[in-house]
Amino acid sequence: MFQYKVIAFFSHIKQAVKSFESEVISTAYLRKKELATLNTMLFTLKDQDNYQEIRKMIKDVLPPVQSITKITDLKDYSRIAYKLDMKKDSLILEQLLTLILQDQFGNFVLKDKLIQHIIQSIKISILDPKVQQLMQQLQLKESEVQKKYIKIYIDLIQQKVNQKQDSSESQMNIQNVAELGQQVMKQEKRQQILDQIIVSKQVRQNQQILFEHFSQPSIEEIMIILPQIHLFPGRLKSNYTEILNKYLNQLKISPKEEGKVLTQLNQMILKNSEFFKKSNISFINILNQIQIQGLLESQINQLLYLITYSNSLEYFKQNEQQFIDYIIKNQAINMSQMVAYFFHLSQIYRQIGDFKVELLKYQCTYFMNNLSKCDSNQLFLIIKSLRICQNIEEVVILNKQIEQKIQEGALNQNHDALINFVANKIKQTQVLFMPETAKMVTVTQRNFGEWCHLIQQIGSLKTLELDLIDKLKKIHISLREKLGQSQLYYYFAAQFICGVHDEQYFIERINQTRPFLLIRILYDIAQFSTIHYEKLKQRIIEKIKDTPDYLTQEFSKLDKGLLSFSILTASLLQDQSFYNYLFDKYKREIEQFSEELILNNKKFQRNKIIGKSSVNFVTNQTLIQFYQALRYHQCLTNEESNYLVKLETLIKEYSLTQQVMPSYIESVVESCLKEEKVEYIRDYCEVLPFRIDFYIPSKQIGIECNGVSHYYLDQLRRGDVLKMKFFEEKMNIKISVIRSGCDNIQEVVQRIIK
């Protein structure tokens, strides 16, 4: 009966919503996934005018809960019931327990995670008599294995009930607080109430109470507040930051308490790292009281961690040699401690400049001599740290040794680390490396974002195999809901390459997505023109225009790098309105940071990682992006900016074209040209940012070596198209492109120069 109702419902939907893909419906129906399809429809059809009618139709077509005979179907049913606010939690729980009870062979244990997920999503405050009876019957099962799992489910159910009851009590207690008015609460009572607000995640619902009673909290109360401080109103957050800063600046530490204080501060920062990264809270008073020489190895690591996440880089610069001497001269350091040192130091040097060569050589030599002792997690931390080290001989050798170990299977039991390594290896070398990884690994909720990164890199080098595209299409909907903010861009890029184009998913998340990630998505849309993301493009631009001080909201002051990246994106989009808006809205800031560029005159912070914040300083990446934006805009509109004139001298002096390490393709091309005794100019550039890798004056030809980031499959990015057009039309230089994945680079070079 249900199938007949669904078939009739689908025919209604096809008529009511022409934009809905009928093949999606029919495919899902053929696979007997009717409930899954209905669940998907609630998202897919959200923007339709007749959405309320569709919701009603779905309610009408749903069968009774008691007719569901599979746990997988019950999961989809529970999601639909939740989205339609049908309040069937108790009935769903009853049916889930019934299905487990009817399963005589214990096959339900294979669906353990699914069962736990269903229980976790249910909202219940009391247990119905029928549910209690089923729980008692389940406890009578004879199999020890089944009993073990059933105990977990019953405990989970009881926890859900207790949480609901605690939440109700919390609301009652909070109400009691509201009725106290101006009465003074005891400290113990204040902390109890505050803890209830934080634990029950009711910050927004209780702002009046917070303003009345917690505008000037004690330091103990601030420790309770910190985990959810991002939810507090700006005025309260500012008060709390000021109180905490004052407390830390007045704290006195005796020599015997150094270790204890370091541990407490590490725990505080570990739980609230985002807050401390973005705040200007100073730990310098505490750091200046600590004697490095008297610390244990583990405490040195705690100190380095504290420096990394507490805006205390000046302290490290002042004491850098002490840290270096401690690490090099301490013979008792084991592998675990050395890996931790290396990781924390790499995070610090990423912000202040290159590793001290003496220290880098020592640590790399230590790892080369002891690489066999590394477990997969330690190996992965070394890999992550090496990515931002300068390419001295020891780094190159260590990288090769690690690569060999990974090819031999050193990370085969650590799929999360393996995916991350392979994705970044392809990105850095622009050559395919172990692409079979994408097929062999188990994709989980935890590593899904990084797996999307790997798909992006492979797809940028070659056309993806159909079974890999199918794999993404099969798993992405079930794994994307809990995708972390930092991984959202990789998912967008993987969708782009695989032709999924689920625009609505990203539109629904615009308000919850960090500004930089939205700009990065918009940048890709600008570089690789497509009709599939027009609505998303417009919504992001509207979000930026409609939100006051959008580019300052994440750090409470302007991120100069984000501003330059936004202007670059607007110029590539050829959106004059958006471009003008940015210059009008941030006119004063642009003037200031242009003057800062000129005054610094090449003394910029190094910035190896795109997207790293430029709040407190100007980076070389900021300069490059801003200048590129002005040039692209001039090329597209014939409109010259006065900022171009201001920055012209600086740009000529500043070596934007110098590369520390050439890519693999560039190395092979250069070797070929030398063998053929062809005269060439490396990194030829008349007008930045229009630069080509090799220019051969005698033949009036140029060779451009394009890596991963230049392509989505066979589509060349817009910036490169503009560059080729500039050289061919303005300078009569014909450009030949050699891209990553080329089988025989030498033969291609020989054909070009003949």
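The values are calculated or read from the model by the stated rules, or taken from the named source; none is laboratory data. Bear in mind that the values here come from a model prediction, so they are computed numbers and not experimental data. A quick note on method: Cβ atoms are made from the backbone with ideal geometry, for glycine too, and the neighbour counts reach across all protein chains shown. Side chains are part of the model used for accessible areas, which takes the heavy atoms of the whole protein and leaves out ligands, DNA and RNA. Shrake-Rupley method; radii C 1.70, N 1.55, O 1.52, S 1.80 Å.
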Check: Does segment 265-288 include one or more residues that are surrounded by 17 or more Cβ atoms within 10 Å (Cβ to Cβ), under 20 Å from Arg387 (Cα atoms) and out of contact with any Leu (no Cβ under 8 Å at 6 or more places or on another chain)?
Finding: no
Notebook entry, point to check: Can you find even one residue in segment 311-322 that is closer than 29 Å to Pro227 by Cβ, aliphatic (A, V, I, L, M), surrounded by fewer than 19 Cβ atoms within 10 Å (Cβ to Cβ) and under 26 Å from the mean Cα position of the chain (by Cα)?
Noted result: yes
Notebook entry, point to check: How many residues does segment 97-126 hold that are part of a loop (DSSP other than H, G, I, E, B), within 15 Å of Ser78 (Cβ to Cβ) and either out of contact with any Ser or Thr (no Cβ under 8 Å at 6 or more places or on another chain) or open to solvent by 40 Å² or more (accessible area, probe 1.4 Å) (or both)?
Noted result: 1
Check: If we keep just the residues of segment 245-255 that are part of a helix (DSSP H, G or I) and exposed (fewer than 13 other Cβ atoms within 10 Å of the Cβ), which is farthest from the chain's Cα centre (by Cα)?
Finding: Pro255
Check: Which residues, counting only those in segment 507-534, are touching a residue at least 40 places away in the same chain (Cβ under 8 Å) and in a loop (DSSP other than H, G, I, E, B)?
Finding: Glu508, Arg514, Phe528, Ser529
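Tell me which residues, restricted to segment 241-284, are of a type in the set (Ser, Thr, Tyr) and in contact with a Phe, Trp or Tyr (Cβ under 7 Å, 6 or more places away or on another chain). First the steps, then the outcome.
Step one: list which residues in segment 241-284 are of a type in the set (Ser, Thr, Tyr), which gives 241, 247, 254, 263, 273, 279, 282.
If the condition is that a residue be of a type in the set (Ser, Thr, Tyr) and in contact with a Phe, Trp or Tyr (Cβ under 7 Å, 6 or more places away or on another chain), then Ser273 is the only one that fits.
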Next item on the list: Would you point out which residue out of Asp416, Asp375 is touching a residue at least 12 places away in the same chain (Cβ under 8 Å), among the charged types (D, E, K, R) and within 30 Å of Thr444 (Cβ to Cβ)?
Entry: Asp416
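Residue-wise test of (1) touching a residue at least 60 places away in the same chain (Cβ under 8 Å); (2) more than 14 Å from the chain's Cα centre (by Cα).
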| site | (1), (2) |
| --- | --- |
| Leu461 | yes, yes |
| Asp470 | no, yes |
| Ile475 | no, yes |
| Ser478 | no, yes |
| Ser486 | no, no |
| Tyr489 | no, no |
| Phe492 | no, no |
| Phe496 | yes, yes |
| Glu503 | no, yes |
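Listed here are the residues, each with its yes/no results for (1) of a type in the set (A, V, I, L, M, F, W, C); (2) over 30 Å from Asp73 (Cβ atoms); (3) open to solvent by 30 Å² or more (accessible area, probe 1.4 Å); (4) in contact with a Leu (Cβ under 9 Å, 6 or more places away or on another chain).
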{"residue": "Gln445", "(1), (2), (3), (4)": "no, no, yes, yes"}
{"residue": "Glu450", "(1), (2), (3), (4)": "no, yes, no, no"}
{"residue": "His453", "(1), (2), (3), (4)": "no, yes, no, no"}
{"residue": "Lys462", "(1), (2), (3), (4)": "no, yes, yes, yes"}
{"residue": "Ile475", "(1), (2), (3), (4)": "yes, no, yes, no"}
{"residue": "Leu479", "(1), (2), (3), (4)": "yes, no, no, no"}
Next item on the list: Those residues that are assigned to a helix (DSSP H, G or I), within 13 Å of Leu35 (Cβ to Cβ) and either within 32 Å of the chain's Cα centre (by Cα) or of a type in the set (Val, Ile, Thr) (or both), I need them from segment 47-73; list them, please.
Entry: Ile58, Val61, Val65, Ile71, Thr72, Asp73
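Quick test for you: out of Leu296, Leu359, pick the one residue that is over 29 Å from the mean Cα position of the chain (by Cα) and open to solvent by less than 60 Å² (accessible area, probe 1.4 Å). Break it down into steps so the answer makes sense when it comes.
Details: Leu296 fails: open to solvent by less than 60 Å² (accessible area, probe 1.4 Å).
Answer to the selection: Leu359.
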Notebook entry, point to check: Got a number for residues in segment 426-441 being at pLDDT 90 or above, of a type in the set (Ser, Thr, Tyr) and open to solvent by 20 Å² or more (accessible area, probe 1.4 Å)?
Noted result: 0
Next item on the list: Determine the pairs where a residue that is over 18 Å from Asp354 (Cα atoms), located within segment 310-331, has a partner that is not in a helix (DSSP H, G or I) with Cβ atoms under 6 Å apart, the partner being 6 or more residues away or on another chain.
Entry: Ser310/Phe283
Notebook entry, point to check: Of Glu242, Glu258, which residue is in a helix (DSSP H, G or I) and either open to solvent by less than 40 Å² (accessible area, probe 1.4 Å) or at positive phi (or both)?
Noted result: Glu258
Next item on the list: Could you please find all residues in segment 345-356 being open to solvent by 30 Å² or more (accessible area, probe 1.4 Å) and either at pLDDT 90 or above or aliphatic (A, V, I, L, M) (or both)?
Entry: Ile352
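Just for segment 229-239: of the residues that are assigned to a helix (DSSP H, G or I) and modelled with pLDDT of 80 or more, which one is surrounded by the fewest Cβ atoms within 10 Å (Cβ to Cβ)?
Just the residues of segment 229-239 that are assigned to a helix (DSSP H, G or I), to begin with: 229-231, 234-239.
The next check asks that each one be modelled with pLDDT of 80 or more; those that pass are 229, 235-239.
Details: Ile229: 19, Arg235: 10, Leu236: 19, Lys237: 17, Ser238: 12, Asn239: 17.
Among those that are assigned to a helix (DSSP H, G or I) and modelled with pLDDT of 80 or more, it is Arg235.
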Next item on the list: Would you point out the residue of segment 377-403, among those that are aliphatic (A, V, I, L, M) and over 17 Å from Ala423 (Cα atoms), that is surrounded by the most Cβ atoms within 10 Å (Cβ to Cβ)?
Entry: Leu398
